[in-house]
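Enquirer: Take a look at this one; I'll ask things after.
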Amino acid sequence: MNGIWYYVIAFIIIWLFALIFKDYLIKHNVEVEFPVLLWKTKRLRGFIDRIANKSKKFWKWYMNIGIIISFGLMIFMAVSLIYSLTNISQTPGVGLVIPGVDIPGSPIFIPFFYGIIGLITVIIIHEFSHGILARVENVKINSIGLLLFAIIPGAFVEPDEDEIKHLSKSGKLRIYAAGSMGNMVLAVISLIIVVVLSSAVVPMFFHEDGVSIDRVVSNAPADGILKSGMIVESINNQSFDNSQGYINTIKTFRPNQTVQVSTDQGIYSFKLGENPNNKTLGYMGVQTVKHYSFNNDLGSNQLSPVLWVIFPMIQLFNWIFFLNFAIGSFNLLPMKPLDGGLMFETLLSYKLSEKTVQLLTKFSSYLMLMIIIISLIYGFSAALL
């Protein structure tokens with residue numbers, strides 16, 4: 001079943017429950033206004049205060065560096081987004097991703113379980129980082145809460161907007177940049193864990209001996225022919241014992257070429273399609289992962305079932321890294337209401353008049369939004385044609 005149907009079923013169940021038990025939820029401080037469920041609390045404010053008060057000097061210096069990094073990422077993201085228009089026919093610069101769902105035109109598929117956990121870390125770290133820096137700047141936090149927009153979960157820390165307006169410009173920048181910087185720090189930590197597990201721990205117990213099929217894309221040339229879990233042994237009689245050999249082989253693929261794929265479950269032949277991200281390349285429509293076997297006689301070791309947990313851990317932290325880095329970076333685009341847009345507006349206000357600031361901020365916001373919409377539409381339509 002296509003992953004989108006899980007979201008549809010969850011949407012129906014959640015909102016039937018919410019409407020049936022609306023009075024009960026309201027009594028427990030849950031606001032029910034379709035399509036939004038909102039729960040606010042003043043709890044956890046003490047927890048945020050304790051973290052903020054550990055060392056306000058540290059937090060300010062940390063975010064002073066964070067402001068510089070954030071503006072660097074803002075420039076990089078804006079330039080990359082604009083430049084992506086020159087290559088939009090090959091690879092659209094922006095793609096929509098939903099965990100567990102194949103989105104036409106999106107080059108990335110995020111597994112449901114890893115994606116949901118990754119998004120939870122993004123939201124919690126982002127919002128609590130804003131809250132901590134708000135308290136460092138002595139801005140009151142009105143509430144903390146959870147929300148559900150239709151089927152999309154979220155969390156929020158609600159600083160007092162009037163108090164933020166009266167802050168110094170540097171104080172505002174520290175608060176605005178805090179969310180994305182928190183995401184970047186978690187991304188770096190996750191990447192370190194992935195590198196350590198992949199380069200130090202895995203080689204102690206396993207060796208790479210090829211690739212296996214992790215997922216077959218719906219309606220792709222290989223759909224209904226190849227299956228998840230198959231070990232790919234050779235393609236067109238070209239065998240390989242590592243992932244690099246597989247990559248080198250598929251780089252030679254061309255559209256409409258017939259390939260013969262030899263697996264541990266049989267030999268299969270089919271015609272390639274066009275790669276949706278580069279129409280000059282052939283496309284099977286499979287995602288593969290490295291296949292490993294135990295070193296020497298470790299397979300008979302009593303710890304062998306436990307050791308296989310290493311690979312899901314690598315996958316999980318890899319997606320935590322990707323989602324925190326990708327969403328944190330995207331949030332720094334100079335486009336309101338994103339944090340990057342607020343930072344851009346604040347930076348301009350140092351030297352320019354209010355009228356000029358508003359004009360440039362609107363121009364930047366509309367430009368970024370236009371490119372994003374064009375990329376999404378082009379990628380979606382190209383994938384369907």
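The values are calculated or read from the model by the stated rules, or taken from the named source; none is laboratory data. These figures come from a predicted structure and were not determined experimentally. Heads up, the Cβs are rebuilt from the backbone with ideal geometry, glycines too, and the neighbour counts pull from every protein chain shown.
Enquirer: Could you give me the residue pairs with C-beta distances under 9 Å whose first residue belongs to the range 235-263 and is closer than 15 Å to H291 by Cβ and touching a residue at least 24 places away in the same chain (Cβ under 8 Å), whose second residue is hydrophobic (A, V, I, L, M, F, W, C) and loosely packed, with under 12 Cβ neighbours inside 10 Å wherever it lies, and which are 6+ apart or on separate chains?
Expert: These pairs meet every condition: V261/I267.
Enquirer: Out of all the residues in the range 303-311, is one or more surrounded by fewer than 18 Cβ atoms within 10 Å (Cβ to Cβ), of a type in the set (S, T, N, Q) and outside the structural domain of A178 (by TED's automatic domain parsing)?
Expert: Checking the range 303-311: at least one residue is surrounded by fewer than 18 Cβ atoms within 10 Å (Cβ to Cβ), of a type in the set (S, T, N, Q) and outside the structural domain of A178 (by TED's automatic domain parsing).
Enquirer: Are any of the residues in the range 205-214 more than 29 Å from I103 (Cβ to Cβ), outside any helix (DSSP H, G or I) and of a type in the set (S, T, N, Q)?
Expert: Checked against the condition, which is being more than 29 Å from I103 (Cβ to Cβ), outside any helix (DSSP H, G or I) and of a type in the set (S, T, N, Q), the range 205-214 yields no hits at all.
Enquirer: Name the pairs whose Cβ atoms lie under 8 Å apart, with the first residue in the range 147-175 and at pLDDT below 85, the second assigned to a helix (DSSP H, G or I) and among the aromatic types (F, W, Y), and 6 or more positions between them or separate chains?
Expert: Going by the 8 Å Cβ cut-off, the qualifying pairs are A150/F11; I151/Y7; I151/F11.
Enquirer: Same structure, new question: Out of all the residues in the range 1-37, which are surrounded by 13 or more Cβ atoms within 10 Å (Cβ to Cβ), more than 27 Å from the chain's Cα centre (by Cα) and in a strand (DSSP E or B)?
Expert: V30, E31, V32
Enquirer: With V122, V188, V157, V139 as the choices, which residue is among the β-branched types (V, I, T) and part of a loop (DSSP other than H, G, I, E, B)?
Expert: V139
Enquirer: Can you tell me which residue within the range 69-128, out of those that are exposed (fewer than 15 other Cβ atoms within 10 Å of the Cβ) and in contact with a strand residue (DSSP E or B) (Cβ under 7 Å, 6 or more places away or on another chain), is modelled with the lowest pLDDT?
Expert: Q90
Enquirer: Collect the residues in the range 215-244 that are closer than 13 Å to T263 by Cβ, of a type in the set (G, A, S) and surrounded by fewer than 19 Cβ atoms within 10 Å (Cβ to Cβ), keeping them in residue-number order.
Expert: S228, G229, S234, S239
Enquirer: In the range 126-150, which residues are farther than 21 Å from P35 by Cα and touching a Phe, Trp or Tyr at 6+ places or on another chain (Cβ under 6 Å)?
Expert: If the condition is that a residue be farther than 21 Å from P35 by Cα and touching a Phe, Trp or Tyr at 6+ places or on another chain (Cβ under 6 Å), then E127, V136 are the ones that fit.
Enquirer: Moving on to the next point. Checking F109 against (1) assigned to a loop (DSSP other than H, G, I, E, B); (2) over 22 Å from S375 (Cα atoms); (3) within 16 Å of the chain's Cα centre (by Cα), which test does it fail?
Expert: Unmet for F109, out of (1) assigned to a loop (DSSP other than H, G, I, E, B); (2) over 22 Å from S375 (Cα atoms); (3) within 16 Å of the chain's Cα centre (by Cα): (2).
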